[in-house]
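Coordinate-derived values only; no laboratory data. The structure displayed is predicted, hence computed values, not measured ones. Note: ideal-geometry Cβ built from the backbone for every residue, glycine included; neighbour counts use all protein chains shown.
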Amino acid sequence: MLIGKIETMGCCGAYCGKCKELEKKLCTGCKIGYQDKKRDIKKVKCKIKKCCILKKLDSCADCYEYDNYVIINEFYSKNGYKYKKYKEALDFIKKNGYQTFFKITEKWNMQYGKY
């Protein structure tokens, strides 16, 4: 159940499984294509994604450095509602696990939602 869903989970906490751009194939998502080498990790511009994929983590929620990691904390300090929601997602996953998280995302209409 989680295998396909984990691929649609952004490293930063965005849930790409509900993204219209991904649905329309206008975006390839955060992690899709790196395991099967269809995409080249060396071309990644997002520092969060690169770190997460190289460490072979499902998301930053699984990283032991999460609370003190400068790159992720800078990302979450950006001005914008979505950044707070992405952090909320990872905090939720750390506390409740991926299965509970994905159950909640079934009700969402976009990359984040209510808990």
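Tabulated results
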quantity	calculated
Cross-link reach list, aspartates and glutamates versus K50, counting only Cα pairs under 13 Å and skipping chain neighbours closer than eight places	D40, D58
Relative contact order [Cα under 8 Å, 6+ residues apart], the chain, whole percent	33 percent
Cα shape, the chain, gyration tensor, a/c 1.5 rule	rounded
Candidate lysines for bridging to K107, where Cα separation is under 21 Å - those fewer than 8 sequence places away on the same chain excluded	K5, K18, K20, K24, K82, K84, K85, K87, K94, K95
Virtual spin-label span in nm between I71 and E23, 7 Å along Cα→Cβ	3.1 nm
Cleavage-rule hits (GluC sites (Glu not before Pro)) in the range 6-71: DSSP loop, at most 16 neighbouring Cβ within 10 angstrom	E65
Computed E for K103/D62 - FRET, C-beta separation, R0 22 angstrom, nearest 0.05	0.75
